[in-house]
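Visitor: Here's a structure for you.
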Amino acid sequence: MEQFLPFLGIPLVFIVFFVLFRYVFPRLGGWRTLAERYSTSLKPSQIDGERIHFGEINVGGLNMKNMVKGYKTKEGLFLTQYLFFLGNTPNLLIPWKVFQTPERRDFLFMKRVRLYIGFPSTTYLEIPQKKYLEIEDHLPKKLREG
């Protein structure tokens, strides 16, 4: 029996990660809140816009590093999760007009921008300032110091 224990650990770890990414993480953070208002049936292949790799993005308090890709479109910001992380979450198309005034959220050497969404604000996206500059021209309001 002891010789099989190492072989049980690998599948068990895989199952735990699968359950976490497929069922637990989609219920955390702000993705679900955003999906209630801004979900879309569009697929990334149907989007006509500039691709943005956020790298690190915080969605309503949940850090989704290297899990989300986005597209800057005329209509709004399209967000989708990479296939492995997709779970039961829909893609999002957030209209530019629902973004409130962006706010700087610097910590030590990290320059970040928080984008509150909705009126009243339902949740937020927090992205690196470098990525904010890629979408700044579409936002209705300019950056304010936090």
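Visitor: Which trypsin sites (Lys or Arg not before Pro) from the stretch 37-102 combine a DSSP loop assignment with at most 12 other Cβ atoms within 10 Å? Mind showing how you got there, number by number?
Guide: Numbers: sites: R37, R51, K65, K69, K72, K74, K97; in loops: K65, K74.
Filter output for the stretch 37-102: K65, K74.
Visitor: Counting Lys and Arg as +1 and Asp and Glu as -1, what is the net charge of the other residues whose Cβ lies under 14 Å from the Cβ of L93? Don't jump to the answer; show the numbers that get you there.
Guide: On the way: positive: R37, K43, K69, K72, K74, K97; negative: E36, D48, E75.
Neighbourhood net charge equals +3.
Visitor: What whole-number value in Å² describes the accessible area per residue of the stretch 38-111 for a 1.4 Å probe? Before the final figure, lay out the partial values.
Guide: Numbers: 3880 Å² over 74 residues.
Using a 1.4 Å probe on heavy atoms only, each residue of the stretch 38-111 averages 52 Å².
Visitor: If you don't mind, there's one more thing I want to ask. Here is the link list: K65/K111; K72/K141; K43/K131; K69/K131. Which ones come out longer than 18 Å on Cα distance? Don't skip to the answer; put the middle values down first.
Guide: Working: K65/K111 16 Å; K72/K141 16 Å; K43/K131 22 Å; K69/K131 12 Å.
Over 18 Å apart, Cα to Cα: K43/K131.
Visitor: Can I ask one more? If I model a spin label at K43 and K130 as a point 7 Å from the Cα along the Cα→Cβ vector, what separation in nanometres do I get?
Guide: The two pseudo-label positions are separated by 3.2 nm.
Visitor: Considering only the other residues whose Cβ falls under 15 Å of the Cβ of N63, what net charge follows from Lys and Arg at +1 and Asp and Glu at -1?
Guide: +3
Visitor: Highest mean first, how do 103-109, 114-120 rank when packing is the count of other Cβ atoms within 10 Å averaged over residues? The partial results should precede the final answer.
Guide: Details: 103-109: 10.7, 114-120: 16.0.
Highest mean packing first, the order is 114-120, 103-109.
Visitor: If I compute solvent accessible area with a 1.4 Å probe over the protein chains, what percent of it on the stretch 94-146 is carbon and sulfur? Don't jump to the answer; show the numbers that get you there.
Guide: Details: 1720 of 3000 Å².
With neighbouring chains kept in place, the figure for the stretch 94-146 is 57 percent.
Visitor: Calculate, in nm to one decimal, what L143 and N63 gain on full extension: separation in residues at 0.36 nm each, minus their alpha carbon distance. Don't skip to the end; give the middle numbers.
Guide: Numbers: separation 80, 0.36 × 80 = 28.80 nm, distance 2.17 nm.
Taking 0.36 nm per residue and subtracting the Cα distance, the gain is 26.6 nm.
The values are calculated or read from the model by the stated rules, or taken from the named source; none is laboratory data. Given the structure is predicted, the values throughout are model-derived calculations rather than measurements. As a convention, Cβ positions derive from the backbone with ideal geometry for all residues, glycine included, and neighbour counts pool all protein chains shown. In case anyone asks, the SASA skips ligands and DNA or RNA and just uses the protein heavy atoms, side chains included. Shrake-Rupley method; radii C 1.70, N 1.55, O 1.52, S 1.80 Å.
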